[in-house]
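Chemist: Please find one structure pasted underneath; my questions will follow.
The values are calculated or read from the model by the stated rules, or taken from the named source; none is laboratory data. No experiment lies behind these values; they were computed from the predicted model shown. Glycine also receives a Cβ, built like all others from the backbone with ideal geometry; neighbour counts cover every protein chain displayed. SASA here: full protein model, heavy atoms, side chains in, ligands and nucleic acids out. Shrake-Rupley method; radii C 1.70, N 1.55, O 1.52, S 1.80 Å.
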Amino acid sequence: MALTRVVTLGLRAGHAGVLTRQTLPSTGNCLLQRVTSPYNQVLRNSSNLNFPSTGNIAYGLFLGVSLVGGGIYVYRHIQTDKARYRERLETAKAIKEAAAQAESKEVDIDKQEKQKEPVLPSATLPTHVPFLLIGGGTASFAAARSIRARDPGAKVLIVSDELDPPYMRPPLSKELWFSDDPDVTETLRFKQWNGKERSIFFQPPSFYVAPEELMSTEHGGVSVLTGKKVVHLDVRENKAKLDDGTHISYEKCLIASGGTPRNLPAIERASEEVKRRTTLFRRVSDFRALERLSSSGGSITIIGGGFLGSELACALGRRAQRSNLEVIQMFPESGNMGKILPEYLSHWTTEKVKREGVNVITDAVVKSVSYKNGKLHISLKDGRAVETDHVVAAVGLEPNTELAKSAGLELDADFGGFRVNAELQARNNVWVAGDAACFYDIKLGRRRVEHHDHAVVSGRLVGENMTGAAKPYWHQSMFWSDLGPDVGYEAIGIVDSALPTVGVFAKATEKDTPKRAAEESGTGIRSESDDQGAIEPVNVSTTVTPSLPAPAQQGDSYGKGVVFYLRDNVVVGIVLWNIFNRMPIARKIIKDGEQHTDLNEVAKLFNIHEE
């Protein structure tokens with residue numbers, strides 16, 4: 001309709017133009033006198049369209065077409081503007097709806113994320129603690145207990161990347177495997193060799209204060225923040241950063257980060273199928289997984305002949321004797337614990353492990369591991385091959401020293417770990433204890449020790465020093481290994497099979513076993529209560545011997561005895577084989593650092609010949 005009206009007005013205007021053309025004088029100077037006549041003519045003659053001449057028609061058509069074209073242009077412009085306006089309204093509406101939907105989704109996501117958050121979100125953690133302990137192992141717990149003993153009101157926060165509170169690791173490869181409890185993987189309780197039952201956890205959950213309540217607790221306490229890891233340490237600002245971005249400042253800090261199990265290069269470069277069927281044994285979760293695997297039968301191969309590998313081999317071997325489980329142990333040495341024990345004792349130990357039901361493969365260097373037809377295929381460098389279902393790699397520990405870079409702490413190039421002074425201090429207000437500490441032993445030189453007793457004693461000392469004791473670390477830590485309840489040994493100092501040794505052995509009796517010794521003494525986990533003050537002086541000759549010590553001359557009978565490790569004719573290490581509760585004497589011998597003419601006389605101090 002609008003376009004029709006525009007055309008009609010155009011035709012009328014054209015007709016008016018013709019009439020105007022007829023009435024205007026030729027001179028054109030009277031246009032101003034008739035300025036209103038065209039409009040009036042259009043109104044008067046809109047119904048009469050008779051054009052008198054061609055010139056007038058042409059002029060009228062020109063004027064009409066011009067007006068029609070202008071009208072069409074105006075009409076289209078208006079319509080276009082209306083379309084743009086509607087389009088903008090629709091776009092604005094769509095944007096508003098999209099924003100509303102996005103906001104609604106964000107609210108839903110926030111609700112979902114809040115539901116997924118742990119009970120203790122980072123926002124509720126304390127931003128400052130007096131004592132920050134990095135690592136949730138034995139050393140940290142020993143330090144926390146020591147701090148609280150000296151300062152009953154102390155507030156201690158332990159940050160652990162494990163999901164469990166602090167616990168003892170030795171039972172994971174020892175007593176837990178000999179439990180009769182079918183639910184041992186859940187209860188994590190075991191009977192010690194002395195018959196007493198206990199949990200692997202140092203304290204029940206009720207012992208600890210919730211992290212968000214630590215700073216508001218009147219009498220202080222110990223909190224454990226599990227499942228978190230310290231990834232950055234600023235020793236100048238006394239501030240730690242967690243892996244979730246949380247920052248916690250401290251007054252005193254302990255690094256007890258422990259270590260990570262080493263893997264075999266052959267497994268590291270193998271396929272994902274191989275890695276999924278490999279266990280690096282270290283934590284509670286590893287025990288639970290291996291216990292389930294061993295209960296279902298099949299074949300398990302343990303690679304490694306040290307403490308851990310040999311203990312696991314004996315434990316699983318016992319299980320294999322009453323099930324369809326096959327247990328294989330392989331290592332590059334010629335016998336079990338070949339890097340520790342003298343050759344003759346290492347070979348004897350290997351025969352003992354075999355009698356436990358283990359297929360022991362010595363001089364075995366792994367070349368490659370592959371997965372084919374549902375089995376792992378282990379290829380050795382000498383051409384031998386082993387087929388198995390699962391592999392346990394027990395080839396040592398790598399200290400966790402990632403914090404050294406951010407904290408500017410010194411690492412030891414020879415032994416690994418953080419270099420510390422005599423008080424186990426790495427920097428001002430920063431101490432290191434346990435597996436990750438490389439300390440200077442005034443008798444044996446710089447060392448790094450990976451044993452339970454060292455973790456206990458070094459952690460305890462650091463706790464004292466964090467509260468102002470300023471004590472040096474001179475303790476000679478001991479370690480022990482049990483090949484089941486019948487054979488075990490305790491050791492101290494440097495026990496390296498590359499050193500010359502002297503062994504003095506005697507016939508064992510029924511009471512010379514870890515189990516019987518624990519039953520008689522009433523002790524459980526060894527080394528936790530070591531009374532260093534109750535040591536009588538050792539009175540032996542100090543004359544230098546002119547020749548190297550000879551190996552033991554007891555044939556194949558190594559029921560019980562003492563092995564002395566020498567460096568420059570001085571005893572630097574001692575192994576007590578099936579002799580227990582004599583460690584203070586061994587510690588005193590190493591502390592004295594004397595040279596002895598007849599070590600058989602020294603062996604008498606351990607009463608090895610008593611019935």
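Chemist: Just add up the charged neighbours of Cys438: K/R +1, D/E -1, any other residue whose Cβ is under 12 Å from the Cβ of Cys438.
Modeler: -2
Chemist: Note down the relative contact order for segment 367-476 as a percent, whole number, built from C-alpha pairs under 8 angstrom at least six residues apart.
Modeler: On the way: 156 pairs, mean separation 17.8, N = 110.
Relative contact order of segment 367-476: 16 percent.
Chemist: Near Val504, within a Cβ-to-Cβ distance under 11 Å, what is the net charge of the other residues, with Lys and Arg +1 and Asp and Glu -1? Intermediate values should be presented prior to the final figure.
Modeler: Values: positive: Lys560, Lys604; negative: Asp598, Glu601.
After counting each charged neighbour, the total is 0.
Chemist: Determine, for each peptide in 261-267, 431-437, the mean count of other beta carbons within 10 angstrom over its residues, then list the peptides with the highest first. Working shown, then result.
Modeler: Working: 261-267: 17.4, 431-437: 29.9.
Result, highest mean first: 431-437, 261-267.
Chemist: First select every other residue whose beta carbon is under 11 angstrom from the beta carbon of Asn421; then total the charges, Lys and Arg +1, Asp and Glu -1. Please report the intermediate quantities before stating the final value.
Modeler: Numbers: positive: Arg419, Arg427; negative: Glu410, Glu423.
Here the count lands on 0.
Chemist: Which order, highest average first, do 496-504, 562-570 follow once you tally other Cβ atoms within 10 Å for each residue and take the mean per peptide?
Modeler: Details: 496-504: 17.7, 562-570: 20.0.
My ranking of the peptides, most packed first, is 562-570, 496-504.
Chemist: Separate question: What is the percent carbon and sulfur in the accessible area of segment 262-409, measuring with a 1.4 Å probe over the protein chains and ignoring ligands?
Modeler: Values: 2980 of 6380 Å².
Taking all protein chains in place, segment 262-409 shows 47 percent carbon and sulfur surface.
Chemist: For segment 427-467, calculate the relative contact order in percent as a whole number, restricting contacts to Cα pairs under 8 Å that are 6 or more residues apart. Write out the running numbers ahead of the final one.
Modeler: Numbers: 34 pairs, mean separation 17.3, N = 41.
Dividing the mean separation by the residue count of segment 427-467 yields 42 percent.
Chemist: While we're on this one: Sort 386-392, 154-160 by packing, meaning the average of other beta carbons within 10 Å per residue, with the highest value first.
Modeler: Working: 386-392: 20.0, 154-160: 25.1.
My ranking of the peptides, most packed first, is 154-160, 386-392.
Chemist: Next up: Roll a 1.4 angstrom probe over the protein heavy atoms and tell me the percent of accessible area of segment 122-177 that is carbon or sulfur. Walk me through the numbers on the way to the answer.
Modeler: Values: 880 of 1630 Å².
Whole-percent figure for carbon plus sulfur exposure: 54.
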